[in-house]
Amino acid sequence: MKNIILSNFHPIQVGNLISQSKLNQYSKFLYHHFQNHPIKSVAGIDDDENEEESISFEFVSDHVDKYAILPENINKRQCLVFEEVENFIVNEMEHTIPSKYHFPIDFEVKGGNFYGPKIEVRMEWFKRKMRYVFDKFYTDTPHSPENLIHVTCSGYSSPSLAQEAVIKRKWETVHVTHSYHMGCYGAFPAIRTGSSLLCASEINGRVDIIHTELLSAHLNLTDFSPANTMICSLFADGFIGYSLYEENAFHNIYSTKLKRGLKVLSSHEVIIPDSLEDMSWDLGEYNFLMTLSKRVPVFVRKNIKAFLSRLCDKAKINLEENKADMHFAIHPGGPKIIDYVVDEIGIEKEQASWSYYILHEYGNMSSATIPHIFDKIINDEEIAIGTKIVAMAFGPGLTATGLLLEKV
């Protein structure tokens with residue numbers, strides 16, 4: 001088996017980060033709209049004929065304040081679907097009454113579309129916005145890889161954006177692989193796939209992985225429920241690219257100054273029994289639909305220690321004996337998930353500091369989140385070379401997946 005190094009991380013910001021407090025407030029405006037106007041349209045009642053609101057703005061506001069993720073947990077997020085009304089959200093909304101707010105283009109209630117744009121419109125947004133991610137990554141990484149893996153759970157087309165990127169650059173020999181719809185744990189199977197491609201390569205060619213998670217395209221503010229309010233305030237858009245190298249090729253290619261990465265020591269994945277209905281990500285008429293049950297943290301807490309022990313055993317490392325010297329990259333499925341894992345394993349919060357930081361500064365970016373954490377770990381001078389990194393994420397299935405890595 002070849003040794004595989006993860007490196008060349010390039011987080012990519014497509015739009016501005018907007019404060020969580022303002023995004024939560026804007027969600028109140030949208031909730032209020034969808035809880036009233038569709039009812040009147042379906043019933044054939046004009047707004048002028050029925051001035052009495054079905055649901056008051058005060059009621060909506062109290063609901064969002066109660067169930068949305070608070071700014072103390074997530075400070076800001078990237079939500080590109082609101083890009084064209086950003087000025088209103090940031091500078092004008094505070095002084096605007098609910099009936100006079102600005103609505104994102106294509107989100108308006110139109111004839112036959114009572115719940116915003118349908119799925120084909122959202123996929124067009126995805127294609128239009130996400131070409132920039134590939135262009136930006138390959139501006140910073142101009143030479144062609146042997147393989148390119150595209151990871152996303154938020155938008156699809158065929159030919160794909162990855163294929164478009166290869167065709168645009170006339171890279172006729174680059175192989176494109178799609179790693180789609182796995183949600184928050186999507187980086188892990190993509191890295192396993194990339195490692196396998198490298199092990200099979202005769203030339204030890206570079207494997208690039210690019211994540212495009214335009215999750216704001218699937219905002220569902222027609223479901224006025226506690227769970228959906230939490231989901232809408234948790235997820236954010238996130239984009240990042242990085243590369244996999246065979247170890248000798250990595251050292252030969254990189255200069256001493258840039259020679260930083262994470263060596264893959266082992267991987268592990270399980271589908272937790274009796275949990276199929278507890279997390280899902282399905283296609284809907286208007287958007288992708290997520291369900292997230294209250295039992296997920298219970299499953300995580302119950303299974304995480306045995307899971308991570310098995311992950312470390314594969315590399316002949318005892319978790320209990322070595323955990324005090326490790327750093328932990330925990331996918332922040334929500335503010336409490338990191339705490340649950342930290343408490344259950346018995347480590348200090350500082351050992352998962354970058355997981356807390358990325359959630360606070362960017363939100364949950366689905367599959368792009370763990371690579372953002374990896375980028376911070378690689379560039380953190382206080383995490384010494386040789387430190388073992390335990391990485392984990394959870395997704396529909398309920399799937400638990402992990403990597404044991406070593407900083408090099």
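Could you list 286, 138 in order of exposure, starting from the residue whose Cβ has the fewest other Cβ atoms within 10 Å?
The order, fewest Cβ neighbours first, is 286, 138.
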Cα-based convex hull, the stretch 137-279, per residue volume (Å³, whole number): 156
Nitroxide proxy distance, nm - points 7 Å out along Cα→Cβ at residue 21 and residue 180: 4.1
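Report the extension gain between residue 163 and residue 75 in nm, rounded to one decimal, defined as 0.36 nm multiplied by the number of residues separating them, less their alpha carbon distance.
Details: separation 88, 0.36 × 88 = 31.68 nm, distance 3.52 nm.
Net length gain for the segment: 28.2 nm.
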Label-point separation, residue 361 to residue 132 (7 Å along Cα→Cβ), nm: 2.0
DSSP-defined beta bridges in the stretch 262-407 - what % are antiparallel, rounded to 5: 85
Diffusion coefficient, µm² s⁻¹, Stokes-Einstein with Kirkwood Rh over alpha-carbon pairs of the stretch 262-407 at 4 °C and 1.567 mPa s: 83
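Mind sorting 95, 32, 360 by how few other Cβ atoms lie within 10 Å of their own Cβ, fewest first?
Values: 95 7, 32 25, 360 17.
Least to most surrounded, the residues fall as 95, 360, 32.
By counting other Cβ atoms within 10 Å of each Cβ, how are 266, 366, 216 ranked from fewest to most?
Ranking 266, 366, 216 by Cβ neighbours within 10 Å, fewest first, gives 266, 216, 366.
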Residue 379 paired with residue 91, simple spin-label distance in nm, labels 7 Å along Cα-to-beta-carbon: 2.9
FRET E, pair residue 203, residue 156, Förster distance 45 Å, beta-carbon r, rounded to 0.05: 0.90
Identified option (computed Rg/Rh (Cα atoms, Kirkwood Rh); candidates [x] 0.95; [y] 1.02; [z] 0.99): [z]
Nonlocal amide H pairs with residue 265, under 5 Å, H built at 1.01 Å: 404, 405, 406
Reachable lysines from residue 323, criterion Cα separation under 25 angstrom, eight or more residues apart if same chain: 263, 302, 305, 314, 336, 349, 376, 388, 407
Rounded to 5, the percent of DSSP beta bridges in the chain classed as antiparallel: 70
Residues of type aspartates and glutamates that residue 127 reaches as a straight line, Cα spacing below 15 Å, ignoring anything fewer than 8 places off in the same chain: 135, 164, 213, 237
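No value in this document is a laboratory result; all are computed from the given coordinates. What you see is a predicted model, and the numbers here were worked out from it, not measured in a lab. Cβ coordinates were reconstructed from backbone atoms using ideal geometry, including for glycine residues, and neighbour counts include every protein chain displayed.
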